[in-house]
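Report on the following structure.
The values are calculated or read from the model by the stated rules, or taken from the named source; none is laboratory data. Here the structure is a predicted model, which means the values were calculated and not measured. Neighbour counts are summed over all protein chains in view; Cβ atoms, including those assigned to glycine, are modelled from backbone coordinates with ideal geometry. These area figures cover heavy atoms from the full protein model, side chains too; ligands, DNA and RNA do not enter into them. Shrake-Rupley method; radii C 1.70, N 1.55, O 1.52, S 1.80 Å.
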Amino acid sequence: QCHGAMACPNGCETCTSYWCEVDRIRFRQDLDISKYRDQAVPCVVSGCAEQLGWEAMNWTEDRLVQAADGTLLPLARFADGQEESVVIVHAAAAIEEAMRGSQAYVKAWEYDAPSEADSDSEPQPKRPKIAKLVDDVGGGPPFVSCILAGSDHPLLHVIGRLMRWIFVGGSGCGSSAHVDPLNSAAWLLLISGTKEWRFAKTAKQDMFSCSELRGSPVWHVVQHPGDIIVVPQGVWHQVRNTSAALAVTHNFIDRWCLPGMLEQLAAVVQELAASRWPCSDRFVLGVPESLLNSTQATTDALLFALFMTFLQDPDGVAELGPCRTLDEAKQSLEEKQRACGQEAAARQ
């Protein structure tokens, strides 16, 4: 799975880790990256955005501010490569600060999240039509697809749209080591600047520190404008801007991701079913409100959104694919709901 060993990119002469170069592939219309998805290893695809004429490669500060249209965005401020604080500010101020070379980082801007403007239920005030930023990436790379975003189920489709983000920030900004939510994979297009990536199959605290790696295989690549990184599901990764950088990323659920996503959902449903139910509590979607609140407090936001979709339409979620563990969790939940209903009826 590791093609082409390389010297430690940290410059460590006594490094005990095994460093691997991430494969680079030139885009073509019939490109198939199944072998990388099968092995859950990263790859870089170059030339896709240019060949398909994506307008995203021409994004400017003015274009982003105009499209954000007064949105509030999270702005992280860094010092010496470490995140020190996060504030919520108006889009224009956040984008300006992040794009002009400071150690500020607009991270996880949900740029395609559904809004009131998506609904026809209320008339919208007349204003000049602004093309959506998501239209500038042409539906995404043709070599990946998302089961959720492509779903006809409205709630699952929304979750797919919530996994689309823009990142913009100065040199030294980036992420801590993490695995993406919902067992999702991701593609990330770098529009401007450079980013340095590290990937590993096992959990790491700091993948830019050799002392944290200790002998395990680590993939490394420097991403340049026009490169698309494909990040596998379940793989730990960490990224830093090595210059001011602008990027757009879509996480996705495909056939490689789906079993793990359903297992994560099953674990939440099973934990709920195994809890002690206060049957005199107010119920929401067939679940005591207090338990629903505690589940939300301890669950990743996207996983909780999937869990709520399951409570509203368990059969619709089950249509995504077979999962014995989820079927068993669903049965346990139904038994708990029946028992609670019988207890409530006996008290009346």
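Details
- Computed over segment 145-213, Kirkwood Rh from alpha-carbon pairs, angstrom: 14.7 Å
- Over the chain, the alpha carbon radius of gyration divided by the compact-protein estimate 2.2 N^0.38 Å works out to 1.09.
- Near the amide H of A177, within less than 5 Å, lie the amide hydrogens of M207, all on another chain or at least 5 residues away, with H placed in the peptide plane.
- With both labels modelled 7 Å from their Cα along Cα-to-Cβ, the R338 to N58 distance reads 6.2 nm.
- Altogether, the Stokes-Einstein calculation at 20 °C and 1.002 mPa s, with the Kirkwood radius of segment 263-305 over Cα pairs as Rh, returns a diffusion coefficient of 200 µm²/s.
- Efficiency of FRET between L285 and R347 - r from beta-carbon atoms, R0 22 angstrom, step 0.05: 0.55
- Under the Debye formula (equal points on every Cα, no solvent term), log10 I(q)/I(0) of segment 43-107 at q = 0.12, 0.13, 0.18 Å⁻¹: -0.41, -0.47, -0.76
- Using a probe of 1.4 angstrom and keeping all protein chains present, the accessible surface of segment 130-170 works out to 38 square angstrom per residue.
- Integer Hz, Karplus 6.51/-1.76/1.60 couplings in order for segment 194-211, x for Gly and Pro: 9, 10, 10, 10, 10, 9, 8, 7, 10, 4, 9, 8, 9, 7, 9, 10, 4, 5
- Estimated FRET transfer efficiency when R0 is 41 angstrom, pair T298-D38 (beta carbons, to 0.05): 0.80
- Percent of Cα-Cα distances greater than 17 Å, calculated over segment 1-95: 73 percent
- Each residue of segment 86-97 was assigned a 3J(HN,Hα) from its phi angle through the Karplus curve 6.51 cos²θ - 1.76 cosθ + 1.60 (θ = phi - 60°); the sequence is 10, 10, 9, 9, 5, 3, 4, 5, 5, 5, 4, 5 Hz, with glycine and proline shown as x.
- In the chain, taking the dipole from charged Cβ atoms about the Cα centre, the farthest positive-side position among L265, A49, C8 is held by C8.
- If you wrap the tightest convex hull around every Cα atom of segment 283-348 and split its volume per residue, you get 90 Å³.
- Surface share of carbon and sulfur [accessible, 1.4 angstrom probe, percent] for segment 234-341: 50 percent
- Shape box of segment 232-348 [Cα atoms, principal axes, largest first, Å]: 67, 29, 20
- Each part gets one Cα centre, and for segment 232-249 versus segment 31-99 those centres are 9 Å apart.
- Helices in the chain, meaning DSSP H runs of at least 4 residues, each add -39500 (n - 2.57). Divided by all residues, the mean residue ellipticity at 222 nm is -9000 deg cm²/dmol.
- Taking amide H positions as modeled 1.01 Å from N, with prolines and chain starts lacking one, the residues under 5 Å from A108 and 5 or more places away or on another chain are I166.
- Comparing segment 196-247 with the 2.2 N^0.38 Å rule of thumb, its C-alpha radius of gyration ratio is 1.18 (two decimals).
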